[in-house]
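The structure under discussion appears below in the form of structure tokens.
Any read-out appearing in this document is the output of simple, stated calculations on the displayed coordinates, not a laboratory observation. These numbers were taken from a predicted model, which means no experiment stands behind them. Please note: Cβ atoms are built from the backbone with ideal geometry, for glycine as well, and neighbour counts cover all protein chains shown.
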Amino acid sequence: MITKYRSQFNQEFSEEKYQKTKDLVKEETGQGSVFRLSESPIFLTKDFWEKLDDASQSIISQIKQMPEEELRKAVPNHCNVPNDTQKPHFLAIDFGICQDENGKIVPKLIELQAFPSLFGFQKLYEEIITEVYPFLDALKNSLPKEEYIQKLKEVIVGDENPENVILLEIYPEKQKTAVDFIITEKYLGIKTVCLTKIKKECKKLFYENDGQLIPINRIYNRVIFDELDKIEGLETEFDFREEVDVEWVTHPNWFFKISKYILPKLKHEFVPKSYYLSDFPQNESLENFVLKPLFSFAGSGVNLNPTQEVINEIKDKNNYIMQRKVDYAPVFKDINGEFSKAEIRLLFAWNPKSENPELLVNLVRMTKAAMVNVDFNKKDAIWIGSSMAFFEQ
């Protein structure tokens with residue numbers, strides 16, 4: 001959207017530089033990225049940033065005012081984890097880069113979650129892409145690397161010894177986000193531990209390292225608890241619903257509380273109208289709405305063109321929303337003169353000692369497909385996949 005920088009990047013781009021970007025990721029992590037990296041970042045205007053900031057700050061303010069008892073209703077009984085916290089440690093807010101009815105480029109809220117995303121990898125990616133394309137360095141407006149890492153440490157490690165803090169995932173080596181786990185270990189000095197490897201004695205949890213059992217005092221949680229029941233043959237010593245002596249970062253209940261569940265409760269010009277499916281008005285047209293499960297992840301279960309027949313088949317209508325469709329703007333020009341669309345995710349960390357969360361980094365997903373998700377892209381297209389945004393200074 002900033003012609004000067006788009007033109008410069010496209011002129012400097014080469015397949016060799018794209019390969020160098022991927023090689024540097026592999027060099028830093030010991031493995032390549034499983035998810036596709038886009039060939040290009042995106043460039044957004046100061047005006048667009050101000051709209052993003054206004055919308056996200058309004059959303060944060062509204063979340064803070066929501067009664068705890070109202071948010072607690074989002075947590076399914078079978079997923080309730082003891083020792084909930086007053087607020088989450090992380091917040092990710094996804095905006096589509098869209099066109100309004102007047103053709104103006106505006107952000108539109110797509111979804112949000114109180115769950116950590118690629119905080120480690122996105123900082124690494126920023127360092128790498130600015131090394132490969134030095135002109136981008138002048139556009140960086142994020143924290144210096146050491147200060148960034150310190151902010152993450154304050155939230156994730158806190159006052160604990162890093163040895164007693166783990167990143168928890170289920171079969172982490174099989175996850176698409178494994179590169180993020182590796183970088184997080186490097187940045188914070190913590191271990192990534194599979195849920196199946198956790199040992200439990202009374203209310204204490206342990207993991208094994210070099211033949212020794214190490215007490216776990218804090219868990220940087222990357223497990224989507226709701227997904228565990230879908231894994232066949234899963235055997236663990238520790239059940240999330242048990243009361244144990246650990247601090248959660250962030251507590252699993254927040255995955256449900258700040259999710260698509262609150263979209264119908266939010267009000268802002270850049271928040272598309274949403275309804276719980278059970279409350280969908282008869283005077284609204286289905287063709288103007290997208291059907292989404294409340295707690296799906298990575299686009300799972302989303303229906304872009306719901307019909308009345310599909311809706312009639314749904315028994316648990318309280319677990320779905322209808323969200324007004326938005327028009328993604330194909331404004332990111334590739335070297336062949338074709339255009340990609342994009343979503344931007346703002347990644348906030350929320351230090352328990354701070355009144356408000358702090359924006360640390362962003363993540364961009366580019367596509368030429370109907371759904372803006374890296375899994376839905378055509379394999380032979382370019383300017384698609386995971387990237388980040390640089391903003392006009």
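Identify the GluC sites (Glu not before Pro) of region 161-206 meeting these criteria: DSSP loop state and at most 13 other C-beta atoms within 10 Å of the C-beta. The partial results should precede the final answer.
Numbers: sites: Glu163, Glu169, Glu173, Glu185, Glu201; in loops: none.
Sites meeting the loop and neighbour criteria: none at all.
Each distinct pair of alpha carbons in region 124-174 adds a 1/r term; the inverse of their mean, the Kirkwood radius, is 13.5 Å.
Treating only the Cβ atoms of Lys and Arg (+1) and Asp and Glu (-1) as charged, compute the dipole magnitude of region 273-325 about its Cα centre; round to the nearest 20 debye.
Numbers: 6 positive and 6 negative charges, 41 e Å.
Roughly 200 debye, rounded to the nearest 20.
Count the DSSP beta bridges whose two residues both fall in the chain, then state the antiparallel fraction as a percent rounded to the nearest 5. Intermediate values should be presented prior to the final figure.
Details: 48 of 63 bridges.
Expressed as a percentage, antiparallel bridges in the chain total about 75.
For the pair region 206-280 and region 56-97, the centres of their Cα atoms are 11 angstrom apart.
Helix-derived [θ] at 222 nm for the chain: sum -39500 (n - 2.57) over DSSP H runs of at least 4, divide by residue count, nearest 500?
Details: 9 runs with 97 residues, N = 393.
-7500 deg cm²/dmol, from helical runs alone.
Counting neighbouring Cβ atoms within 10 Å and putting the fewest first, the residues Leu152, Leu91, Leu112 line up as Leu152, Leu112, Leu91. With N the number of residues in region 185-281, Rg(Cα) / (2.2 N^0.38 Å) evaluates to 1.46.
Using the reciprocal of the averaged 1/r over all distinct C-alpha pairs, how large is the Kirkwood radius of region 273-325 in Å? Can you show the working numbers first?
Working: mean 1/r = 0.0910 Å⁻¹.
Result for region 273-325, one decimal place: 11.0 Å.
So how strong a dipole does region 50-203 carry about its Cα centre when Lys and Arg Cβ are +1 and Asp and Glu Cβ are -1, to the nearest 20 debye?
Numbers: 20 positive and 26 negative charges, 109 e Å.
Dipole magnitude for region 50-203 comes out near 520 debye.
So the label point goes 7 Å from the Cα of Lys174 along Cα→C-beta, right? Which residues of region 223-248 then have their backbone N under 15 Å from it? Residues 223-224, 227-236 fall inside that zone. Between Glu68 and Phe339, the FRET efficiency estimated from the beta carbon spacing at R0 = 41 angstrom works out to 0.40.
Residue exposure proxy: Thr367, Thr192, ordered by other Cβ atoms within 10 angstrom of their Cβ from fewest to most, comes out as Thr192, Thr367.
Cut-off is 10 Å between beta-carbons; in what order do His268, His89 appear when sorted fewest neighbours first? Could the numbers behind the result be given before it?
On the way: His268 16, His89 25.
Neighbour counts put them in this order, fewest first: His268, His89.
With the largest listed first and rounded to whole Å, the semi-axes of the equivalent ellipsoid of the chain from the Cα gyration tensor are 32, 29, 19.
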